[in-house]
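Colleague: The structure's right below; bear with me while I get my questions together.
The values are calculated or read from the model by the stated rules, or taken from the named source; none is laboratory data. Predicted, not measured: the structure shown is a model, and the values here were computed from it. Quick reminder, even Gly has a Cβ in these numbers, built from the backbone with ideal geometry, and neighbours come from all protein chains shown. Note: areas computed on protein heavy atoms with side chains; ligands, DNA, RNA excluded. Shrake-Rupley method; radii C 1.70, N 1.55, O 1.52, S 1.80 Å.
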Amino acid sequence: MAGNRTFTMIKPDAVESGNIGNILQMITDAGFAIKAMKYTQLSEEQAKKFYEVHAERPFYQELVDYMISGPIVAAILEKENAVADFRTLIGSTDPSEAAEGTIRKKYAESKAKNAVHGSDSDENAAIEGEFHFDSTEVVA
Ligand code: CMP
């Protein structure tokens, strides 16, 4: 059965361009409830660990440098079928390939600066949520 929680980050480009409010509006309009949320800036150590799975990719250091370049918003979201529905809402990694009406189509700059993160599986949603929040920071 599909899980009902996913994890997201509004990334530095979207924070810098003033789109936190617009993106949160799209998320709640799509039926996601916010269960935890934090405005923060990642350290290099945190970004490296979060994206460890991409450590061997050529864009790893670029990704880490970008993710620590400014503040982000991290959040745990709840909705039936959360992981898949959220990935539909955000659109393809590359905004030039993202569907009309998706968050990345509207607000992302490029494949690297792509406005938002969305977990790719229930397992990773749980791992990523726990990476950013302890249990006292998540509402029931
Ligand atoms: P995200 O889905 O958050 O997780 C992996 C990230 O790596 C992805 O978003 C992009 O920001 C980034 N990424 C993926 N492919 C590339 C690429 N070819 N060049 C630079 N960054 C990339």
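Colleague: Looking for whichever is over 19 Å from Q46 (Cβ atoms) and open to solvent by less than 50 Å² (accessible area, probe 1.4 Å) here; the options are F86, F133. Which one fits?
Modeller: Criteria check complete, one pass: F86.
Colleague: So, one more: Out of I72, I90, report the one residue that is among the aliphatic types (A, V, I, L, M) and touching a Pro at 6+ places or on another chain (Cβ under 9 Å).
Modeller: Just a single option satisfies the conditions, and that option is I72.
Colleague: So A75 passes all but one of these: (1) more than 20 Å from D13 (Cα to Cα); (2) away from the ligand (no atom under 11 Å from the Cβ). Which condition number does it fail?
Modeller: Every condition holds for A75 apart from (1).
Colleague: Pairs under 6 Å by beta carbon, first residue more than 13 Å from the ligand (Cβ to nearest atom) in the stretch 118-135, partner of a type outside the set (D, E) and at pLDDT below 95, six or more apart or different chains?
Modeller: D122/G3
Colleague: Condition test on N114, is it on the phi > 0 side of the Ramachandran plot and out of contact with any strand residue (DSSP E or B) (no Cβ under 9 Å at 6 or more places or on another chain)?
Modeller: It is false that N114 is on the phi > 0 side of the Ramachandran plot and out of contact with any strand residue (DSSP E or B) (no Cβ under 9 Å at 6 or more places or on another chain).
Colleague: While we're on this one: Identify all residues within the stretch 1-18 that are within 16 Å of the ligand (Cβ to nearest atom) and in contact (Cβ under 8 Å) with a residue 60 or more places away in the chain; write none if there are none.
Modeller: T6, F7, T8, M9, I10, K11, P12, D13, A14, S17
Colleague: Between residues in the stretch 56-72 that are in contact (Cβ under 8 Å) with a residue 12 or more places away in the chain and open to solvent by 30 Å² or more (accessible area, probe 1.4 Å) and residues that are assigned to a helix (DSSP H, G or I) and more than 10 Å from the ligand (Cβ to nearest atom), which pairs lie under 7 Å by C-beta distance while being six or more apart or on different chains?
Modeller: Close Cβ pairs satisfying both conditions: I68/E44; I68/A47; S69/P12; P71/P12; P71/V15.
Rundown of residues vs (1) surrounded by fewer than 15 Cβ atoms within 10 Å (Cβ to Cβ); (2) out of contact with any helix residue (DSSP H, G or I) (no Cβ under 9 Å at 6 or more places or on another chain), yes/no style:
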{"site": "I10", "(1), (2)": "no, no"}
{"site": "E16", "(1), (2)": "yes, yes"}
{"site": "I23", "(1), (2)": "no, no"}
{"site": "T28", "(1), (2)": "yes, yes"}
{"site": "G31", "(1), (2)": "yes, no"}
{"site": "I34", "(1), (2)": "yes, no"}
{"site": "T40", "(1), (2)": "yes, no"}
{"site": "E44", "(1), (2)": "yes, no"}
{"site": "K48", "(1), (2)": "no, no"}
